[in-house]
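Enquirer: Here's a structure for you.
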Amino acid sequence: MKLLRRLLRILAIFPGVVLLYLLAAVIGSLVPVSAEESSIPREEAVLIYIKTNGVHTDLVMPLQNAYVDWTQTMDPNHARNASNAQWFSVGWGDKKFYIETPEWSDLTVSTAVGSTFGFHETAMHVVFYPLVLPSKRKRALYLSPQQYQKLHAWILDWFELDSNRQVIPISTGNSYGPNDVFYEAKGRYHLFHTCNTWTNNALKVAGQRAAWWTPFDKGIFYHYPEAAPIP
């Protein structure tokens, strides 16, 4: 009976913990982190994007430009069909969730619990594109070369690298389609540091508008209510 009473007490506390978490997420999302002042002309800026699928956010960047060449550490040929790639998106997340849950219907209780409490390793998910199409789920950002180089260094530091400073594909068989690939990553995913927290932190590093803290994509896009013009 004592064990049952303890279990019931824990279950009674659980809704309150969830409510506190959601309240913290709302408050953290509403508190803004202002963008750095920049006087760089638009034509000299580096165009990148943030995008969401409604739950998960990614950054979209040029594969090569005058300031950063991602192909020095990441080969589009890691994907089955990305030979014409000019752009790529990158996101960080729980490896087990990424690989074993291509659809929400594939989600299991063990995967959800492990992701929530940081029991699993993490992965970088990269998708290669020949071009970037306009979308209501994207926002265009214009970074100075220095901001972009700082962002590049920060993102690269989340990849596990081999002895030649090359990113490490998890497996050629683990992908959602012909133009994406998963890479080994650093860090632990948990309910206080989610894929969207990672993207939000990347925006801070790049000197862009961001939330103080958010585990959800809505907390990021709250600070980007209107899509910037796409050239």
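Enquirer: Among the lysines, which have Cα under 18 Å from the Cα of Lys95 when same-chain residues fewer than 8 positions away are ignored?
Expert: Lys186
Enquirer: R0 = 25 Å: FRET efficiency of Ser39 with Gln86, Cβ-based, nearest 0.05?
Expert: 0.35
Enquirer: Pop a pseudo-label 7 angstrom from the Cα along the beta-carbon direction at both Asn174 and Glu160 and give the gap in nm to one decimal.
Expert: In this crude spin-label approximation the distance works out to 0.8 nm.
Enquirer: Just how large is the dipole of segment 31-221 about the Cα centre, in debye to the nearest 20, putting +1 at every Lys and Arg Cβ and -1 at every Asp and Glu Cβ?
Expert: Working: 16 positive and 18 negative charges, 100 e Å.
Magnitude of the dipole: close to 480 debye.
Enquirer: Going by a ≥ b ≥ c, the root eigenvalues of the Cα gyration tensor, does segment 116-200 fall in the rounded group (a/c under 1.5), the prolate group (a/b larger than b/c) or the oblate group?
Expert: rounded
Enquirer: Report the local net charge at Ile170: Lys and Arg +1, Asp and Glu -1, summed over other residues whose C-beta lies under 15 Å from its C-beta.
Expert: Net of charged neighbours comes to -4.
Enquirer: Give me the net charge of Ala206's neighbourhood, meaning all other residues with Cβ under 9 Å from the Cβ of Ala206; Lys, Arg count +1, Asp, Glu -1.
Expert: So the surrounding residues net to +1.
Enquirer: Then there's this: What order do you get for 54-66, 207-219, 35-47 when each peptide is scored by the mean count of other beta carbon atoms within 10 Å, highest first? Let's see the in-between values first.
Expert: Values: 54-66: 17.5, 207-219: 21.7, 35-47: 12.2.
Going by the mean number of other Cβ atoms within 10 Å, highest first, we get 207-219, 54-66, 35-47.
Enquirer: Show which aspartates and glutamates lie in cross-link reach of Lys204 when reach means a straight Cα distance below 18 angstrom and same-chain residues fewer than eight apart are skipped.
Expert: Result set, ordered by chain and number: Glu36, Glu37, Asp58, Asp157, Asp217.
Enquirer: How big is the Rg/Rh ratio for segment 31-221, C-alpha atoms only, Rh by Kirkwood, two decimals? Kindly include the intermediate steps, with their values, before the conclusion.
Expert: Numbers: Rg = 16.1 Å, Rh = 17.0 Å.
Here the Rg-to-Rh quotient is 0.95.
Enquirer: Place a point 7 Å from Cα of Asn77 in the direction of its Cβ. Which residues in segment 173-204 have their backbone N less than 19 Å from it?
Expert: Counting only backbone N, you get 173-174, 178-183.
Readers should treat all values here as calculations from the given coordinates under stated rules, not as data from a laboratory. Note that the coordinates shown come from a computational prediction; the quantities given were computed from them, not determined experimentally. No Cβ is skipped: glycine too gets one built from the backbone with ideal geometry, and neighbour counts run over all protein chains shown.
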